[in-house]
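Read through the structure below, which is laid out as structure tokens, and then see the notes.
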Amino acid sequence: MDKKLIRLIDTTLRDGAHAVKHQYTAEQIKKIAGGLDKAKIDYIEVCHGEGLAGDSLVYGRPAITDEEMISAAASAIENSKLTVLLVPGLSTSKDIEMAKNNGAKAIRVCTLCTEVNISLQHVKIAKDLGLEVFGFMMMIHILPVKDLVEYAKLFESYGIDYLNLADSAGSLLPDQVKDRIGAVVNAVDVPVDFHAHNNLGLAIGNSLAALDAGASMLDGTCRGLGAGSGNTQIEVLAGVLKKAGYEANVDFYKLMDVAEDIVQPIIPRPQVIDNAGLMIGYAGIYSSFLLHVYEASKKFNLDPREIIVELGNRKMVGGQEDLIIDVAYQLTKAK
Amino acid sequence: MSKVKTAIIGPGNIGSDMMYKILRSDSLELEMVAGVVESEGIERAKGLGIKTSIKSADDILKNKDIKIVFDATSAKPATENAPLFREAGLVVIDTTPAEVGKFVVPCVNLKDIQDEPNFNLITCGGQATIPIIYALSRVAEVRYAEIIAGVASKSAGLGTRHNIDEFTQTTAKAIVQIGGAKKGKAINIFNPAEPPIIMTNTIMADIVNPDEKELRESVEAIVMDVQKYVPGYQLRVPPIVEDGRVTTTVQVEGAGDFLPKYSGNLDIMTAAAVAVGEYLAKNVF
């Protein structure tokens with residue numbers, strides 16, 4: 001089979017921001033975005049880790065605003081497409097205009113996979129502003145394949161250009177990725193993108209499984225930075241794609257250099273799979289909860305795993321970081 | 001005292017729930033339910049022996065006894081009908097995002113604006129959280145407040161979903177205007193879990209010199225005020241202070257009049273609307 005061109009979306013400066021608690025400086029953003037641009041990454045995603053307007057007490061106060069982040073990146077990018085992430089219910093149309101005015105070329109409109117219909121308004125606004133629009137479905141592990149396909153078709157009907165499927169909890173096994181991506185690729189006409197988390201150590205393997213099933217775009221981050229146990233390590237992915245014979249625009253050596261020379265020195269700790277991260281993948285919990293769980297476990301003197309299990313019992317979804325405090329408070333009260 | 005006659009326009013889920021609440025009221029009487037087509041809601045009203053109309057605002061305007069109209073349509077018709085009702089001297093209590101009238105949260109600012117012709121109930125997230133922000137800001141300086149409103153997916157209709165941008169921005173605006181915070185942010189989450197989750201809201205605020213005891217007492221007092229019209233309103237996590245930052249969580253269980261109990265987000269809108277009507281019936285009419 002001919003192997004088609006695989007496009008890469010680097011989200012070191014968005015999902016990866018979780019790993020630095022949203023503390024990237026403008027200088028760091030310029031260097032990283034500039035390096036990624038030279039390494040011929042197709043899309044570079046930049047904004048608060050939780051999405052545009054994620055600046056909040058619950059998700060974390062960033063070092064600089066979305067606007068400052070986006071314009072810093074824009075000043076360093078020549079060819080790659082500067083991309084932002086919008087979460088309906090958190091971000092608003094004002095954020096789309098701001099992003100566009102500061103140089104964004106593409107936007108990923110992100111909803112929980114069952115809540116696709118909250119994206120209609122923002123997809124239309126972004127399309128009208130001339131942005132490339134990705135539909136971004138989170139937590140695809142929570143739905144049976146046939147339901148996932150229906151929501152994917154609904155998203156496509158809104159006029160998106162690409163569809164991203166995210167294993168936000170990093171809990172899918174390669175065969176499960178294949179089933180989901182394969183079914184969606186067969187059901188929609190737009191190119192399909194896959195976003196992995198590494199909580200079970202499967203990010204690279206699952207990304208290959210997604211390509212095998214027909215995905216043509218993949219997400220990743222330098223050094224695998226990201227929520228939970230991180231994303232697909234993009235410089236590794238570039239090497240793996242090359243070795244597997246896939247075509248991609250990315251310059252493997254230059255990308256390795258960005259990861260080692262620019263990103264590595266600024267990260268506070270290497271991205272590893274610790275026990276709580278592993279539990280998040282095992283239990284299928286939203287990856288961004290990890291660092292908040294650690295804080296709550298310290299504050300309330302609880303085992304992080306207890307909190308994670310209870311979050312799972314309560315079926316909390318992405319964005320409900322606020323209820324980690326509620327869970328910890330109720331667990332303490334019950335003791 | 002005779003009851004004040006009212007009408008409901010828009011006999012959908014919200015309108016139907018208000019119908020049951022008004023029928024229970026000791027100060028309001030439901031004179032008419034109006035819609036634009038024959039619908040389940042119109043049938044329901046007929047079954048309860050209430051006059052009905054499918055000519056939108058027309059028959060309400062013709063009826064000389066009606067004093068208060070509860071608008072449960074959607075932003076567009078509510079905006080179009082508002083001047084007609086106003087001209088006819090009818091007070092409108094609006095549950096739509098039309099934002100024609102003044103924002104109202106019954107336990108916070110109703111007394112101050114009781115002579116207004118049109119009241120807007122903001123959003124469900126706003127009704128559920130602004131009392132708490134107000135309780136914080138009446139005892140301390142709130143530099144910033146944010147709310148995270150988590151509701152069951154099943155309780156959020158297409159109207160909310162396709163207007164989520166206004167929903168988010170309106171709530172943030174009211175956190176400042178009515179809640180008294182210097183700056184505000186609203187975050188809305190839809191959770192598809194089965195069985196459906198009960199509406200749960202967290203309020204986080206950045207406060208100058210927070211005094212945990214004082215904040216707690218103020219919040220506990222306002223929770224009791226809200227409970228007068230929303231019995232299922234509960235303080236789940238009392239204000240916790242950490243580094244000048246206050247976190248508190250409230251849960252809203254509905255009364256189960258017409259809508260299921262988990263949809264406290266809808267119940268708090270209908271209950272607040274009827275509470276506004278009852279206050280006006282007792283104090284203004």
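Quick look at the numbers
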item: Some residue of the range B:83-90 being crowded, with 20+ Cβ neighbours inside 10 Å and not polar (S, T, N, Q); result: yes
item: The range B:168-210 - residue that is within 7 Å of another protein chain (Cβ to nearest Cβ) and in a helix (DSSP H, G or I) and, of those, surrounded by the fewest Cβ atoms within 10 Å (Cβ to Cβ); result: B:GLN169
item: Any chance A:GLN271 is among the polar types (S, T, N, Q), more than 13 Å from chain B (Cβ to nearest Cβ) and more than 30 Å from B:ILE148 (Cα to Cα); result: no
item: Some residue of the range B:69-92 being touching a residue at least 60 places away in the same chain (Cβ under 8 Å) and basic (Lys, Arg); result: no
item: Filtered residues of the range A:153-205 (kept if in contact with a His (Cβ under 9 Å, 6 or more places away or on another chain) and over 30 Å from A:ILE125 (Cα atoms)); result: A:GLY170, A:SER171, A:LEU172, A:GLN176, A:ALA203
item: Test for B:ILE60: is it over 23 Å from B:ALA174 (Cβ atoms), surrounded by fewer than 21 Cβ atoms within 10 Å (Cβ to Cβ) and β-branched (Val, Ile, Thr); result: no
item: Hits in the range A:92-125 - residues which are more than 8 Å from chain B (Cβ to nearest Cβ) and not in a helix (DSSP H, G or I); result: A:ASN102, A:GLY103, A:ALA104, A:LYS105, A:ALA106, A:ILE107, A:ARG108, A:VAL109, A:CYS110, A:THR111, A:CYS113, A:SER119
item: Selected residue (criterion: nearest to B:ALA156 (Cα to Cα)) from residues of the range B:255-269 that are touching a residue at least 24 places away in the same chain (Cβ under 8 Å) and not in a helix (DSSP H, G or I); result: B:SER263
item: Residue that is surrounded by the most Cβ atoms within 10 Å (Cβ to Cβ) [pool: residues in the range B:154-163 that are within 17 Å of B:ALA128 (Cα to Cα) and within 9 Å of chain A (Cβ to nearest Cβ)]; result: B:ALA156
item: Count of the range A:126-146 residues which are farther than 20 Å from A:GLU50 by Cβ and part of a strand (DSSP E or B); result: 1
item: Test: residue in the range A:291-300 that is within 14 Å of chain B (Cβ to nearest Cβ), over 19 Å from the mean Cα position of the chain (by Cα), surrounded by fewer than 19 Cβ atoms within 10 Å (Cβ to Cβ) and at positive phi; result: no
item: Single match in B:ASP65, B:ASP71 (criterion: modelled with pLDDT of 95 or more, among the charged types (D, E, K, R) and within 20 Å of the chain's Cα centre (by Cα)); result: B:ASP71
item: Residue pairs meeting the criteria (Cβ under 8 Å; at least 6 apart or on separate chains; first under 15 Å from A:VAL58 (Cα atoms) and within 8 Å of another protein chain (Cβ to nearest Cβ), in the range A:323-335; second in a helix (DSSP H, G or I) and of a type outside the set (Gly, Ala, Ser)); result: A:LEU323/A:LEU311
item: Residue under evaluation A:ASP175, criteria (1) surrounded by fewer than 20 Cβ atoms within 10 Å (Cβ to Cβ); (2) of a type in the set (D, E, K, R); (3) in contact (Cβ under 8 Å) with a residue 60 or more places away in the chain, criterion not met; result: (3)
item: Test: residue in the range B:166-173 that is farther than 24 Å from A:GLN320 by Cβ and either of a type in the set (Val, Ile, Thr) or outside the structural domain of B:ASP17 (by TED's automatic domain parsing) (or both); result: no
item: Any hit, the range A:64-75, residues being under 26 Å from A:PHE289 (Cα atoms), away from chain B (no Cβ under 12 Å) and touching a His at 6+ places or on another chain (Cβ under 7 Å); result: yes
item: Unique residue being touching a residue at least 24 places away in the same chain (Cβ under 8 Å) and either surrounded by 23 or more Cβ atoms within 10 Å (Cβ to Cβ) or within 14 Å of chain A (Cβ to nearest Cβ) (or both) when the list is B:VAL284, B:VAL246; result: B:VAL246
item: Which listed residue is crowded, with 18+ Cβ neighbours inside 10 Å, in contact (Cβ under 8 Å) with a residue 12 or more places away in the chain and more than 22 Å from B:VAL252 (Cα to Cα), from B:VAL151, B:VAL142; result: B:VAL142
item: Candidate set: the range A:306-321, residues that are charged (D, E, K, R) and closer than 24 Å to A:LEU143 by Cα; chosen: the one nearest to the other protein chains (Cβ to nearest Cβ); result: A:LYS315
item: Options A:GLU115, A:GLU150, A:GLU97: the member that is among the acidic types (Asp, Glu), assigned by TED's automatic domain parsing to the domain that holds A:ALA210 and within 19 Å of the chain's Cα centre (by Cα); result: A:GLU115
item: Subset of the range B:103-146 [among the polar types (S, T, N, Q), in a loop (DSSP other than H, G, I, E, B) and closer than 23 Å to B:GLU166 by Cα]; result: B:THR123
item: The range A:247-277, residues that are crowded, with 20+ Cβ neighbours inside 10 Å, in contact (Cβ under 8 Å) with a residue 60 or more places away in the chain and within 30 Å of A:ARG314 (Cβ to Cβ); result: A:GLN271, A:GLY277
item: Filter pass, B:GLN251 being within 14 Å of another protein chain (Cβ to nearest Cβ), more than 26 Å from A:TYR286 (Cα to Cα) and in a strand (DSSP E or B); result: no
item: Among residues of the range A:1-54, those that are part of a loop (DSSP other than H, G, I, E, B) and buried (at least 19 other Cβ atoms within 10 Å of the Cβ), counted; result: 14
item: Selection count, the range B:3-18, where residues are touching a strand residue (DSSP E or B) at 6+ places or on another chain (Cβ under 6 Å), surrounded by fewer than 24 Cβ atoms within 10 Å (Cβ to Cβ) and assigned to a helix (DSSP H, G or I); result: 0
item: Residue identified as closer than 14 Å to A:ALA215 by Cα and either out of contact with any Cys (no Cβ under 7 Å at 6 or more places or on another chain) or not hydrophobic (A, V, I, L, M, F, W, C) (or both) among A:ILE125, A:ILE181, A:ILE118; result: A:ILE181
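Conditions tested, residue by residue: (1) modelled with pLDDT under 95; (2) of a type outside the set (Lys, Arg); (3) within 18 Å of the chain's Cα centre (by Cα); (4) more than 15 Å from B:PRO131 (Cα to Cα).
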{"position": "B:GLN169", "(1), (2), (3), (4)": "no, yes, yes, yes"}
{"position": "B:VAL176", "(1), (2), (3), (4)": "no, yes, yes, no"}
{"position": "B:LYS182", "(1), (2), (3), (4)": "no, no, no, yes"}
{"position": "B:ILE187", "(1), (2), (3), (4)": "no, yes, yes, yes"}
{"position": "B:PHE190", "(1), (2), (3), (4)": "no, yes, no, yes"}
{"position": "B:GLU194", "(1), (2), (3), (4)": "yes, yes, no, yes"}
{"position": "B:THR200", "(1), (2), (3), (4)": "no, yes, yes, no"}
{"position": "B:ILE203", "(1), (2), (3), (4)": "no, yes, yes, no"}
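The values are calculated or read from the model by the stated rules, or taken from the named source; none is laboratory data. Keep in mind that what you see is a predicted model, and the values were worked out from it rather than measured. Counting neighbours? That spans all protein chains shown, and the Cβs are built from the backbone with ideal geometry, glycine included.
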